[in-house]
1. Can you put Thr114, Thr17 in order, fewest other beta carbons within 10 Å first?
2. In the neighborhood of Arg36, defined by Cβ-to-Cβ distances under 14 Å, what is the net charge if each Lys or Arg adds +1 and each Asp or Glu adds -1?
Amino acid sequence: MPKSPKKFEYASNWPRTCRRVYRLQSRCTNNPLHGRPTVVHHLHYRRSLLRRIFGIFLLHFPSASVSGYEIPGWDCVGVCSSCHENYYGRSSSHSSLHHPNVWVQFGGLNNHQTWIKATELRIKFWILALMP
């Protein structure tokens, strides 16, 4: 019998992380003209090796859970529902962060934004966060 792929869970502090993202930046990061963000989007799920090691020392073992140590504006950004359109990890909308051109879908914790799109979103997030 084939093994089923590991399912992952969001860390218990995910709601607190979302509130931090919304407080730091109150516009859709992908397209600020869309208004307020309604979803917090991970740019990548898997923790870096350094963070996994650090997490073990904090007793947050790197099993099948999404980090729990996300840095707003680096690991995750706020976006509107239109920019987060998502059908099983994919979207046909070119403005969605889940479009195959900008979202790499390997399954589970291996899903992530392309490097160029992630960098663009990080820059936009901090420009918008620092604007009055």
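1. The fewest-first ordering by Cβ neighbours comes to Thr114, Thr17.
2. +3
No value in this document is a laboratory result; all are computed from the given coordinates. Computed from a prediction, not measured in an experiment: that's the story for all the values here. FYI the Cβ positions are ideal-geometry reconstructions off the backbone, even for glycines, and counts take in every protein chain you see.
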